[in-house]
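Notes follow the structure.
The values are calculated or read from the model by the stated rules, or taken from the named source; none is laboratory data. Not measured: the values here are computed from a predicted model. Here the Cβ positions follow ideal geometry from the backbone for every residue, glycine too, while neighbour counts run over all protein chains shown. We work out accessible area using only protein heavy atoms, side chains counted, and drop any ligands, DNA or RNA first. Shrake-Rupley method; radii C 1.70, N 1.55, O 1.52, S 1.80 Å.
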Amino acid sequence: MPPDYLDPNLEIAKHGKVLPHWQQGEAYVFVTWRLADAIPKEKMLPLAAYRKTWLQLHPEPWDARTEWEYHETFSKQIDAWLDAGSGSCVLRRTDAREIVVGALQHFEGERYLLESYVVMPNHVHVLFQPNASHGLGDIVRSWKQYTASKINALLGKSGSLWQERYWDRLLRNPAHHCKCREYVRENPAKAKLRDGEFSFWERERG
């Protein structure tokens with residue numbers, strides 16, 4: 001049976017040069033991507049440059065303290081900017097969010113097994129288990145390309161809807177799994193969203 005969580009002793013498939021993306025068979029992965037205008041460039045560019053240098057100095061896999069340092073330094077700041085609701089926030093519209101939800105659910109049980117997701121006004125979090133025969137990059141690219149086309153048509157616009165890159169993290173263990181589920185579940189409340197401004201789904205535990 002393939003592992004549900006990252007095993008540092010097994011081979012890891014990596015792709016992407018600026019921010020490497022990892023996949024290890026069917027290990028759970030937590031993915032985030034955002035609208036192209038969700039964070040102003042004048043805020044993001046200095047942080048991205050610092051993160052690139054930091055990652056070069058801290059090659060993965062990380063120990064618990066290094067991972068904590070990464071999230072304290074980078075993740076919390078980006079999350080705060082996103083939750084502040086900057087940018088066009090086109091996903092605040094129900095019809096736009098339904099396009100994203102439909103794309104996520106379309107290949108559920110075939111290319112991946114969804115664990116939970118939340119579609120926020122300017123970003124998306126998805127926790128899922130990919131099928132080993134489908135690459136992480138292909139899965140995320142399919143979600144982003146389809147939804148960009150449909151949402152742009154809905155809005156009568158063209159051009160880049162999503163940020164070019166995405167962020168992902170292989171889950172380390174059951175505790176990490178629970179923490180990610182909790183994060184997805186609590187994100188709308190943390191961002192002080194009202195009902196109708198987000199779409200949340202979570203697989204029931206048996």
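Check Trp162: other-chain or 5+ apart residues with amide H under 5 Å from its amide H, H built from backbone geometry?
Residues meeting the amide H criterion: Ala36.
Tell me, what % of the accessible area of the chain is carbon and sulfur with a 1.4 angstrom probe? Each step should come with its number before you reach the end.
On the way: 5770 of 11130 Å².
Looking at the chain in its full context, I get 52 percent from C and S.
For the chain, what is the mean residue ellipticity at 222 nm derived from helices alone (per DSSP H run of n ≥ 4: -39500 (n - 2.57); sum divided by total residues; nearest 500 deg cm²/dmol)?
So the helix-based figure for the chain works out to -13000 deg cm²/dmol.
For Asn131, list long-range residues whose amide hydrogen, built 1.01 Å from N in the peptide plane, is under 5 Å from its own amide hydrogen.
Long-range HN contacts for Asn131: Tyr112, Leu113.
In percent, how large is the relative contact order of the chain, given Cα pairs closer than 8 Å and 6 or more residues apart?
34
If you look for lysine pairs in the stretch 49-206 that are eight or more places apart or on different chains, how many of them have Cα atoms under 30 Å apart?
The result is 17.
Provide the net charge surrounding Val100, with neighbours chosen by a C-beta distance below 13 Å and charges set as Lys +1, Arg +1, Asp -1, Glu -1.
+4
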